[in-house]
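Take a look at the structure set out below.
The values are calculated or read from the model by the stated rules, or taken from the named source; none is laboratory data. In this text, all values refer to a predicted model and were calculated from it rather than measured experimentally. Glycine gets a Cβ as well: all are built from the backbone with ideal geometry, and neighbour counts include every protein chain shown. For the accessible areas, the whole protein counts, side chains as well, though only heavy atoms, and no ligand, DNA or RNA atoms are used. Shrake-Rupley method; radii C 1.70, N 1.55, O 1.52, S 1.80 Å.
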Amino acid sequence: PGHTYTKDPTVTVKKGSESSYVRMLVTVTFDKPLTDEKLATNLDSIFTGYNAANWNRNAKNTETENEKTIITYEYRYNEKVSAATADNKLPALFTGIQVPGDWTNADLAALGGIQINIVAQAIQADGFANADEAWKHF
């Protein structure tokens, strides 16, 4: 509890790409179903150094599947991205992951294993009025 793991999830839009909207999906999977009490914990707090200036959390979805609790966060880059003349490395989404300090070793054992996956996605901006419309068609 309280330990921080350094991370830097970034996206690079390659030279020659079309203008696009970019998002990252952060999926936190717990090996056991969480109780309502555990779900009440603000899991957003595990992402330290969250870059709200560049990334906006658009959605959070919680589901239980095969006796596992899966929480998916959608973060969208705040502006349309163009990489026409050079690679464009976007700022990191966050700088680390911290196990909540108020979780005891017994709490962690009750959660089972925890896995965090991050997937970056981009969709060409041309033909869409805004990011909401683009992601609705993704």
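Just checking, does the range 129-138 include any residue being surrounded by 11 or more Cβ atoms within 10 Å (Cβ to Cβ), farther than 30 Å from Glu18 by Cβ and in contact (Cβ under 8 Å) with a residue 60 or more places away in the chain? No, the range 129-138 has no match at all.
Evaluating Asp102 against the criteria (1) closer than 19 Å to Phe138 by Cβ; (2) surrounded by fewer than 17 Cβ atoms within 10 Å (Cβ to Cβ); (3) of a type in the set (D, E, K, R) leaves one unmet condition, (1).
For the range 20-42, residues that are surrounded by fewer than 16 Cβ atoms within 10 Å (Cβ to Cβ), aliphatic (A, V, I, L, M) and at pLDDT 90 or above total 1.
For the range 71-95, name all the residues that are at pLDDT below 90, assigned to a strand (DSSP E or B) and open to solvent by 30 Å² or more (accessible area, probe 1.4 Å). Ser82, the sole residue that qualifies.
Hey, any hits in the range 114-131 for a residue that's assigned to a loop (DSSP other than H, G, I, E, B) and either at pLDDT below 90 or among the β-branched types (Val, Ile, Thr) (or both)? No: zero hits.
Against the list (1) touching a residue at least 24 places away in the same chain (Cβ under 8 Å); (2) assigned to a helix (DSSP H, G or I), the condition Ala109 fails is (1).
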